[in-house]
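The values are calculated or read from the model by the stated rules, or taken from the named source; none is laboratory data. Just so it is clear, the structure is predicted and the values come from calculations on it, not from any experiment. Cβ: placed from backbone, ideal geometry, glycine included. Neighbour counts: every protein chain shown. Please note that ligands, DNA and RNA were not included when accessible areas were found on the heavy atoms of the full protein model with its side chains. Shrake-Rupley method; radii C 1.70, N 1.55, O 1.52, S 1.80 Å.
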Amino acid sequence: MTVAVNRIDRLFEDRSRKRFIPFITVGDPTLEATYQIAHALVEAGAELLELGIPYSDPLADGPTIQRASQRALENGVSITDALQLVGRLRESGMEASLVLFSYFNPVLQYGVDRFFADLAKFGADGVVIPDLPIEENGLAVEAAKKYGIHVISLVAPTSESRIQTIGEQATGFLYCVSSLGVTGARASLREDLADFLGRVKASTTVPTAVGFGISTPEQVKAVAPHTDGVIVGSAIVLEIERHVEQLKDPNQSKEAVEKIKTFVHQLASALQ
Amino acid sequence: MKEATTTTRIVPDEKGRFGVFGGKFVPETLMNALTELEASFAEATQNPAFCQELNHLLSEYAGRPTPLTYAERLTEELGGARIYLKREDLNHTGAHKLNNALGQGLLAKRMGKKSIIAETGAGQHGVASATVAAKLGLSCKVFMGEEDIRRQSLNVFRMKLLGAEVIPAVSGSRTLKDATNEAIRYWVSNVEETFYVIGSVVGPHPYPYIVREFQKIIGEETRAQILQMLGKLPDEVIACVGGGSNAIGMFYPFIQDETVALRGVEAAGQGVNTDKHAATLSLGRPGVIHGSLTYLLQDEHGQVQEAHSISAGLDYPGVGPEHAYLKDNGRVTYTSVTDAEALEAVQILCRTEGIIPALESAHAIAEAVKRAPQMSKDEILVICLSGRGDKDVLTIQDALESEKGGER
């Protein structure tokens, strides 16, 4: 059996264009809404989607994504639902790269090998595990290789002497944390961001994507020259939160999804 | 001389693992801070001036060594082993927590940090951190669950009086677990200028190791004191386990003494057959919480479950990774006692010894109430009395009055 070329690698073959990467939480506020929003994000210009698996103790996340997790957990959404949603998106013909975001404990309980096998089975391309630094990711990387999945490494402004090692080990793309702290919108970005991103680029051959705290078209535009992709999470999740009630109502959900699509389109088009 | 065989491996190893447990499961943003902390701790503990300053504070400020008290009337009442109490309740601020807060506070100062943060459940670690901050001239923020702020209003007032800012955690169960999440989130955002003083043997490496090293003075003193008083080691040592810092501090110096039985006591809350308990080692499964792989109360999907105990200091769904290791290798026996048994133990100790124990410590007393009568009169039982009950008197009063109400 030959493993097909990973969609993330295919996406970044051409690095002349910047890629827009939105994050949403699976099951916020319902699994059906996530399915509709995912399609809307692609129509709005996203080429890689980051799908968050809800978790009870999301310690790298700010209040916005915590609330999204809570809404999804109240619906009983689990890691299994997230994997199956990926399968459903693929069956509907979605070609964008799909990356799941999960804290390590749900993966550990699901079974590390089984998790990566199912990522491949349902059609995901990668996974971000924010509490699994390179010192601890051996088991996950081994399983990921076996099934042709990328474990996306993160690198932070405080990584300092670790940047080189992380850059050398990175596969898929390297997730650059643009600011200290948890996820969430910020008024301004770090002054030394360009310098940090420059050092990261010099350490690795894989593409880079920047996230954490990026929420406006202006910020997207500002970071674009220093990276291959821009990740926006909390700002989109906030927009979803504004429409939670409509999204839950089958008669109004279509209209709400359209509004989210318009919002994301503004962010995505700031990139080129 | 007979060689110890049970636990000869050096733990934690260089990756911060106690067997399979422990490690550093944290966001990348914190990794550099943990590496720096490891190096600073290693350097400080080799530095005579640092050790001297810590020892000086422990003796002239904290009040160490704490006594080992023969509990004569409790021994008579229970009719079995001779019972001794290690009096951590007599530390300044009223609990063993100060040993560690002083150590980490000095370390923070040595690393040039001006601010410390801490998380607290019952408030004893918060009070200890606020005290140390005042003593060493550091600013201090304490994260505390909203529910615990309600249960421990006296300690909240003490922290504020000592100059600390108390920040309520309003997510989840609004207890220690959520306070710890908030403290970690704050630390991720302010890691360059802030030192996080973790209050128990939990969290990512090197914290479980550092806290053990600062708390092992409890067991070292106990061991020397009992040898001096009786010329022999105890037969059994009992301590309560939430995160498990007083228990590790007490147990660690006895690990190689094979003849000494060690028992850790968790909170069974309303009972291990209910879903209202905090018996992590008895009923949990290995998982990751707050940066460490350890036993964890969780559902089938790996979502962390809420813990329950009458004692705000014990209702934590995780436990220190070294305890997980000691459970699996069999060196320590872990049991649990209910809220009701702990309340009963409070009254027994008050009546027989004139000591009001903290509700945490009452769990260790309650286990001793069960164990001592099964032991012979020439056997020695030591209980770690981790803290005093001043902070808990309102909770105890409420519980006892509603118990009486229930009988009507």
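All of B:Ala183, B:Ala247 fail the test of being modelled with pLDDT of 95 or more, within 14 Å of chain A (Cβ to nearest Cβ) and part of a helix (DSSP H, G or I), apart from B:Ala183. Among the residues of the range A:101-121, those that are within 14 Å of chain B (Cβ to nearest Cβ), in contact with a Phe, Trp or Tyr (Cβ under 9 Å, 6 or more places away or on another chain) and either open to solvent by less than 10 Å² (accessible area, probe 1.4 Å) or in contact (Cβ under 8 Å) with a residue 60 or more places away in the chain (or both) comprise A:Phe101, A:Ser102, A:Tyr103, A:Asn105, A:Pro106, A:Val107.
A single member of A:Val182, A:Val155, A:Val177, A:Val127 is surrounded by 17 or more Cβ atoms within 10 Å (Cβ to Cβ) and more than 11 Å from every other protein chain (Cβ to nearest Cβ), and it is A:Val127.
Annotation note: Cβ proximity below 7 Å between a residue of the range A:131-152 that is facing chain B (nearest Cβ under 10 Å) and assigned to a loop (DSSP other than H, G, I, E, B) and a residue that is of a type in the set (Phe, Trp, Tyr) and open to solvent by less than 50 Å² (accessible area, probe 1.4 Å) (sequence gap 6+ or interchain) occurs for A:Asp131/A:Tyr103; A:Asp131/A:Phe104; A:Asp131/B:Phe25; A:Leu132/A:Phe104; A:Leu132/B:Phe25; A:Glu136/B:Phe25. For the range B:14-49, a residue qualifies if it is open to solvent by 40 Å² or more (accessible area, probe 1.4 Å) and hydroxyl-bearing (Ser, Thr, Tyr), and the qualifying residues are B:Thr35, B:Thr45.
Does B:Leu176 count as buried (at least 24 other Cβ atoms within 10 Å of the Cβ) and under 24 Å from B:Arg388 (Cβ atoms)? Yes; evaluated as a whole, the condition is true for this residue. If the condition is being hydroxyl-bearing (Ser, Thr, Tyr) and either under 23 Å from B:Tyr209 (Cα atoms) or in a helix (DSSP H, G or I) (or both), then the range B:58-104 contributes B:Ser59, B:Tyr61, B:Thr66, B:Thr75. What about B:Ala268, is it away from every other protein chain (no Cβ under 14 Å), in contact (Cβ under 8 Å) with a residue 40 or more places away in the chain and part of a loop (DSSP other than H, G, I, E, B)? In short, no.
Tell me the residue from B:Glu36, B:Glu60, B:Glu72, B:Glu76 that is more than 14 Å from chain A (Cβ to nearest Cβ), closer than 26 Å to B:Leu102 by Cα, acidic (Asp, Glu) and out of contact with any Lys or Arg (no Cβ under 7 Å at 6 or more places or on another chain), please. Walk me through how you get there before you give the answer.
Values: B:Glu36 fails: more than 14 Å from chain A (Cβ to nearest Cβ); B:Glu72 fails: closer than 26 Å to B:Leu102 by Cα; B:Glu76 fails: closer than 26 Å to B:Leu102 by Cα.
Exactly one residue qualifies, and that residue is B:Glu60.
Of the numbered criteria (1) open to solvent by 10 Å² or more (accessible area, probe 1.4 Å); (2) part of a loop (DSSP other than H, G, I, E, B); (3) farther than 22 Å from B:Glu344 by Cβ, the one B:Lys276 fails is (3). Can you find, within the range B:282-302, the residue that is nearest to B:Gly126 (Cα to Cα) among those that are assigned to a loop (DSSP other than H, G, I, E, B) and open to solvent by 20 Å² or more (accessible area, probe 1.4 Å)? The residue in question is B:Asp299. Looking for something within 19 Å of B:Ala44 (Cβ to Cβ) and open to solvent by 10 Å² or more (accessible area, probe 1.4 Å) - is there at least one such residue anywhere in the range B:124-135? Yes, some residue in the range B:124-135 is within 19 Å of B:Ala44 (Cβ to Cβ) and open to solvent by 10 Å² or more (accessible area, probe 1.4 Å). Looking only at residues of the range A:76-95 that are surrounded by 15 or more Cβ atoms within 10 Å (Cβ to Cβ) and outside any helix (DSSP H, G or I), we find that the one that is nearest to the other protein chains (Cβ to nearest Cβ) is A:Ser78.
The residue that is surrounded by the fewest Cβ atoms within 10 Å (Cβ to Cβ), among those in the range B:345-375 that are closer than 25 Å to B:Leu297 by Cβ and without any contact (Cβ under 8 Å) to a residue 40 or more places away in the chain, is B:Lys370. A:Glu168 satisfies every condition listed in (1) open to solvent by 20 Å² or more (accessible area, probe 1.4 Å); (2) in a helix (DSSP H, G or I); (3) in contact (Cβ under 8 Å) with a residue 40 or more places away in the chain except (3). With respect to (1) open to solvent by 20 Å² or more (accessible area, probe 1.4 Å); (2) at pLDDT 95 or above, the lone exception for B:His308 is condition (2).
Only residues that are open to solvent by 10 Å² or more (accessible area, probe 1.4 Å) and out of contact with any Pro (no Cβ under 6 Å at 6 or more places or on another chain) were counted across the range B:72-92, and they come to 8.
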